[in-house]
């Protein structure tokens, strides 16, 4: 019995099965070469790539920029607090200028045991400075000196802060403890200072050892002849 022979297969040979000299297939070698060239092209394009440049640049300047903004805001707050202190001291000093404060003290009762009339008057003057004031500093911590001068007397201003210890001055007198009751037609110097918390303390040399800034206000005047 004759069997029908299958038709001749004219398809081209599968390249995946072609080997060179009976060795391994060339497809894995070609694939590795293509991958190598792709990686090489990517590495070559890396120096000129601009993707993500904005994020990188923002990351470099964000911290210095935010610190600068914070320092500007802090400086503005310090100037505002200083202006508030100036207004408070000026308004309270006006009571000394007109003699209103001194006249009111003349009717005060005897001071409590362990205190002096000067200490009581100084505390009442500090209360007058802070009376009805909305401040951004602790007004209860304000320190005030009220000094009087005779005509023709030289006056050398003294800093409320000891430059050596970076603390409140204690020599020759302790700052914030002096009250000399002004008389009629007498020269008066009112010096006030208060601590103000800051973050960038290195921006201002006039700071205490605890890193807080010192706000100061000084008023000089001659009282009216109120008597």
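All of the numbers you see were taken from the coordinates with simple rules; none came from a lab. Source: prediction; values computed, not measured. Methodologically, a virtual Cβ is constructed for each residue, glycine included, from the backbone with ideal geometry; neighbour enumeration extends over all protein chains shown.
Sort 69, 194 so the one with the fewest other Cβ atoms within 10 Å of its own Cβ comes first.
Placing the least packed residue first, the sequence is 69, 194.
With a Förster radius of 41 Å, plug the Cβ-Cβ distance of residue 149 and residue 73 into 1/(1 + (r/R0)^6) and report the FRET value to the nearest 0.05.
0.55
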